[in-house]
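Heads up, the thing below is written out as structure tokens.
The values are calculated or read from the model by the stated rules, or taken from the named source; none is laboratory data. Being a predicted model, the structure only gives us computed values, none of them experimental. Don't worry about glycine lacking a Cβ; one is built from the backbone with ideal geometry, like all the others, and counts go over all protein chains shown. Calculation scope for accessible area: heavy atoms of the full protein, side chains included, ligands and nucleic acids excluded. Shrake-Rupley method; radii C 1.70, N 1.55, O 1.52, S 1.80 Å.
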Amino acid sequence: MYIIFLGAPGAGKGTQAASVARKLGLVHIASGDLFRQALEQGKELGLKAKSYMEKGVLVPDQITIDMVLERISAPDSGGGAILDGFPRNLKQAEALDEALAQQGKAIDKVVYIKVSEEELLKRLSGRRVCRQCQTPCHVSDSPPRVEGRCDKCGGELYQRPDDTEESIKRRLEVYSSETAPLVDYYGRVGKLVEIDGEGGVDKVERRIVAALGGERL
Ligand code: ADP
Ligand code: ZN
């Protein structure tokens, strides 16, 4: 099963994709995390992506498509995956459809998480992320038990360099112009599932699991 999580920056894609993937026994593939890991490891891919990410614009399609398709073809993704942050425009969506079709596979569902712009801004500006396990928290909404430390693994929390006001604004613009058209693209083929992304993490997760077929999964 291949499921895409679609939504604006701050909609909760990463958090929900990680927990739903665990529930369904699927691999969680987050394009942004792949770039950040490559950068932490000092790889050329990470250095190439860095300046785009800091500005809040998309990393060029070919770099991104190659990276994600390579990850999807790794043995552990053979049983399916949840894609988070990819595809982010029509060209990436078409490349993905084509690559899966070549293996006799296809996207099953697209979970579109909808959140108001006001809520997105609030979430992104207070977000902190664990350097080790990438789990996010929020300085006022879900503060860590120990300041500066991840509740889950004790790793160091930091503010992503693209969670600055300027960069957040840019990312939301890029989302509207480039990524939002994918809602129609997947809606037309009947794969879109729209989820209200406001409310607690657990509540949103229950909505997603129910929409994906509930207990049957
Ligand atoms: P968010 O969804 O909160 O913006 P991500 O971690 O998904 O966070 O993405 C961070 C940045 O990584 C993006 O602003 C972009 O520069 C780059 N990126 C991630 N995924 C893609 C993609 N599919 N295509 C191009 N750039 C991407
Ligand atoms: Zn952690």
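Taken over the stretch 79-128, residues that are within 13 Å of residue 2 (Cα to Cα), open to solvent by 10 Å² or more (accessible area, probe 1.4 Å) and in contact (Cβ under 8 Å) with a residue 40 or more places away in the chain amount to 6. Scanning the stretch 1-29 for residues that are more than 16 Å from residue 175 (Cα to Cα) and touching a Lys or Arg at 6+ places or on another chain (Cβ under 9 Å) yields 1, 2, 3, 27, 28, 29. On inspection, residue 36 qualifies as of a type in the set (Lys, Arg) and either in contact with a Leu (Cβ under 7 Å, 6 or more places away or on another chain) or within 13 Å of ligand 1 (Cβ to nearest atom) (or both). Note on the stretch 117-162: residues that are small (Gly, Ala, Ser) and in a strand (DSSP E or B) total 1.
Residues checked against (1) hydroxyl-bearing (Ser, Thr, Tyr); (2) closer than 17 Å to residue 18 by Cα; (3) more than 15 Å from ligand 1 (Cβ to nearest atom); (4) more than 15 Å from the chain's Cα centre (by Cα):
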{"site": "69", "(1), (2), (3), (4)": "no, no, no, yes"}
{"site": "83", "(1), (2), (3), (4)": "no, yes, no, no"}
{"site": "106", "(1), (2), (3), (4)": "no, no, yes, yes"}
{"site": "115", "(1), (2), (3), (4)": "no, no, no, no"}
{"site": "125", "(1), (2), (3), (4)": "yes, no, no, yes"}
{"site": "148", "(1), (2), (3), (4)": "no, no, yes, yes"}
{"site": "158", "(1), (2), (3), (4)": "yes, no, no, yes"}
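Residue 8 meets each of the listed conditions (1) in a helix (DSSP H, G or I); (2) touching a helix residue (DSSP H, G or I) at 6+ places or on another chain (Cβ under 7 Å) apart from (1).
Within the stretch 144-167, residues that are within 12 Å of ligand 2 (Cβ to nearest atom) have Cβ atoms under 7 Å from residues that are open to solvent by less than 70 Å² (accessible area, probe 1.4 Å) and among the β-branched types (Val, Ile, Thr) in these pairs: 150/135; 152/135; 157/129; 158/129, counting only partners at least 6 apart in sequence or on another chain.
Summed over the stretch 15-32, residues that are under 17 Å from residue 152 (Cβ atoms) and not in a helix (DSSP H, G or I) total 2.
Taking residue 169 as the residue in question, decide whether it is within 13 Å of ligand 1 (Cβ to nearest atom) and open to solvent by 80 Å² or more (accessible area, probe 1.4 Å).
It is true that residue 169 is within 13 Å of ligand 1 (Cβ to nearest atom) and open to solvent by 80 Å² or more (accessible area, probe 1.4 Å).
Screening the candidates 201, 193, 209, 174 for the property of being open to solvent by 30 Å² or more (accessible area, probe 1.4 Å) and aliphatic (A, V, I, L, M) yields one hit, 201.
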